[in-house]
Amino acid sequence: MKNKLNKIARDTNKFLKNFIKKQKKSHLIVPMQYGLFSGGKKIRSKILSDIGSLFKVNYKNLIIVGAAVECIHSYSLIHDDLPCMDNDTIRRGKPSTHIKFGESTAVLAGNSLLTMAFEILSSKDFKITEKIKINLINKISETSGHLGIAGGQFLDLNFEHKRVSKKRILDMEIKKTGKLFSFCCVAPLILKNRNKTEIKKFENIGLDIGLLFQVADDLIDHKGKSSIAGKKTGKDKFKGKATLISLLGYENTIKYAEKLIIKINNKLKKYEPRSKNLSKTLEYILKREK
């Protein structure tokens, strides 16, 4: 698992570094790189690769799409850490981007990474049809704005110190995290021109995977050590965050996550044994410590 994750991370970072090198220099390149190359595990890109292998998608194309995903993810982390959001000073074991470069620079670096994702997918060097490019850009746009990451972050902040129903918590976590994972699950099918029914199926699988990831992240915050997690833990309870843990309790949340894995694997039975790598990734997501 770790060897595969490391390979995907190396290949994705190599592509991103080469892509940035080809661009004109600006004062924002350094803070953009700081947020982008901060040692993330590239789990979203691993999911993309796992689904891609089910449909025999060209690996280089998966890396290009994964690079765009990592730009979106990094933008969201830079903005989430800001004082007006979650006010986190540590990210992946080092100072958050706004601590290192200042708040205004962090905002602009995050904005630039968001738009760079669309540059990557629309690039002439990405050798796919224009129709597929448009479909990919349209889908990743939905995951990033008010219907996805931004909307989920709004709800996350809005729910602080409030008693929130399970349904609303799930809606928030699906938008905040699930939508980008959902894109990772449908992008390979878009690349292979699969039918709408199958795309919808994997869109839902992706939402469940994203929910699993967010639940695992909440579990790490609840019980994990800051030195291992690479960020401050225990902050959800301190800030009165609405999470499944706050509603169901720690043990019941673990059971909920385990049932999610079973649910996802049941949806993948048709693709066995090729879905074995994806099943291993799901277990890794739940059992990871950071």
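Details
- Charge-dipole axis of segment 2-287 as Lys and Arg at +1 and Asp and Glu at -1 on Cβ define it, positive-most pick from Ile128, Tyr284, Val30: Ile128
- 10 Å-binned pair-distance histogram of the chain (Cα, whole percent): 6, 29, 38, 22, 5, 0
- Based on DSSP H segments of at least four residues, each scored -39500 (n - 2.57), the chain has a per-residue ellipticity at 222 nm of -22000 deg cm²/dmol.
- When each of the peptides 12-23, 212-223 is scored by the mean number of other C-beta atoms lying within 10 Å of its residues, the order from highest to lowest reads 212-223, 12-23.
- Total charge dipole magnitude, segment 2-287, about the Cα centre, Cβ charges on Lys, Arg, Asp, Glu only, Debye to nearest 20: 980 debye
- Think of segment 77-129 as having a plus end and a minus end, set by charges on the Cβ of Lys, Arg, Asp and Glu; of Thr89, Phe118, Thr105, Phe118 sits farthest toward the positive end of this dipole.
A short reminder: the numbers here are calculations on the coordinates, not readings from a lab. The model shown is predicted, which means the values in this text are computed figures rather than measured ones. Quick reminder, even Gly has a Cβ in these numbers, built from the backbone with ideal geometry, and neighbours come from all protein chains shown.
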